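Asker: Submitted below is the structure of interest, expressed as structure tokens.
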Amino acid sequence: MEHLGPHHADSADGTAAQGTARKKRSPLRLPAGILAAALAVAGVGSLAALLLEALRGEAVWPGFAAGAFYCLPLAFLMMAGLVIDSIVRRRRG
């Protein structure tokens, strides 16, 4: 498969130029990704706990419902935002 991006020439000693090969990333990108992943895990955990309690016929704690109701959509929107940001950065660069 051929490389579709800009070609970076090797320097005189045979190594690729490291400074030009990688663009500077936003400092908020990594924490946003970690937060989105943590929200997704918390939402799935809340949903699993909610379903297990409902299957056992017990009263469901409203916190589990709220966790699944708020965490999963928020995690989805954050991850979609990160994907869109990545696409925009690649097209600009």
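Derivation of every value follows stated rules applied to the coordinates shown; laboratory data play no part. Only a predicted model underlies this, so the values are computations on that prediction, with no experimental measurement involved. Quick reminder, even Gly has a Cβ in these numbers, built from the backbone with ideal geometry, and neighbours come from all protein chains shown.
Asker: Once a ≥ b ≥ c are taken as the square roots of the eigenvalues of the Cα gyration tensor of the range 26-92, is the result rounded (a/c under 1.5), prolate (a/b larger than b/c) or oblate (a/b not larger than b/c)?
Answerer: prolate
Asker: Compare the peptides 81-87, 35-41 by average per-residue count of other Cβ atoms within 10 angstrom and give them in order, highest first.
Answerer: Order by mean packing, descending: 35-41, 81-87.
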